[in-house]
1. Conditions first: (1) within 13 Å of the chain's Cα centre (by Cα); (2) modelled with pLDDT of 85 or more; (3) more than 30 Å from residue 47 (Cβ to Cβ). Residue 318 passes all but one, so which condition is the exception?
2. Give the residue, chosen from 105, 110, 47, 37, that is within 20 Å of the chain's Cα centre (by Cα) and either at pLDDT below 90 or assigned by TED's automatic domain parsing to the domain that holds residue 198 (or both).
3. Only one residue in 197, 266, 178 is out of contact with any strand residue (DSSP E or B) (no Cβ under 7 Å at 6 or more places or on another chain) and either outside the structural domain of residue 88 (by TED's automatic domain parsing) or at pLDDT 90 or above (or both). Which one?
4. Being touching a helix residue (DSSP H, G or I) at 6+ places or on another chain (Cβ under 8 Å), more than 16 Å from residue 40 (Cβ to Cβ) and free of Cβ contacts under 8 Å to residues at least 24 places away in the same chain is the filter here; which residues of segment 156-200 pass it?
5. Keeping to segment 210-245, report how many residues are assigned to a helix (DSSP H, G or I) and under 21 Å from residue 152 (Cα atoms).
């Protein structure tokens, strides 16, 4: 089997995955900046716990409609429609799905606003008093967010299918930048005394200088910024669709065969695609019974863990999904096997060292990114423990992103649904044991989520081999072994470099934190690439070959 890039050139994934990776990387950096803003001004405490819990239900529905069931189902059918019948019937299908979203998600938004107290009980039944009341208010305020991002997700799917990856993958960057800008302006307007106090006193502001009323007013401003960001994320993609020929006309009919096909794939796939977020929601409920800040620590860690998943896993999956659908439509079994196998290999090559790196460098990474302002050293340590536990399942999260669309390409949405139902049950049992029996606290919740992700990925891979055999062949296991050995060696060097520098210079200054984080990472990356090349990892060879050709000076004939 040839290397990842050589085959992907033929199926256009290499180019599209590269574009998607760059765009997603910018988006993740912008998202990280947004989290840093929250950490600086709110730290980890009851107000941020309330915001995270309030955003959990809209965020769950966002994942279902953006990177989950409806979006993936639509891309699968839309890609086949474009390949077989052309643009006009495909645009008609897009109109029907967009109209359906307006009606259904609009209705869900209204119901969500009405029944917000019930949702808060489901997500954070441990909240009481003013913390519960404010969470209900924020839930009602944030629910319309799902309509904006659902429309944005549909636009993203259409643009991706038409070979446009840069703008749709950059739409999240517009969301993050807008939510930061509008959020801070609104927070300053709603609570100027809070802004000045946190800015000048930093971590000391948590010692009674900032009141609950000041903080909740400011957080409402950040919620307003989040709403504005969702709106911009949708609208920024509309002009590109217009140029491609899409014209919106309201209306949908269940008599339309392709529209019914999208729904048939979507409805059972909702639970299949929601496993991670439902499990996070369950974690939030358990964490609501722990000390203040537990939900915030888990959120900071989960967001940071999602960085490599978004940059590598989602980017590869985004480029692979339309290709898988077209290959199934044209019955190109050989390239289907190679594409899925090489997507898997690339995800392992990128995510396995990332997981080990997060485990050994969790504390310096957390300190560098978040430890300033209202976010103190205790928050750093607690968040780092959660990050280490989440990193155990990082590779599994990425593989789920790749393998779930493979089932939908074969019009099989029931299998992922069943796997996810089992996953949710396992997660609940593990959470109960880790929190109430073993008393492992918030990091036990993160570890349970990782264990469930590993089960989910294993089950998807095992069952998918019936439709797509020979993906996990001897060569893939051989490459996986080499990647694991290279990752382990790199992690050991990173760990040793960190502790040597920590003993040498300490970590009290910002420059110290930069060195303590970046030097071990640079060392690990260099060791990893060299070791992969020595052991003969295909992706490392292909990457160095591509890099040397890309930057080799072109010779001109005299």
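The values are calculated or read from the model by the stated rules, or taken from the named source; none is laboratory data. Being a predicted model, the structure only gives us computed values, none of them experimental. Positions of Cβ are backbone-derived with ideal geometry, glycine not excepted, and every protein chain shown enters the neighbour counts.
1. (2)
2. 37
3. 178
4. Correct list: 193 only.
5. So the answer is 21.
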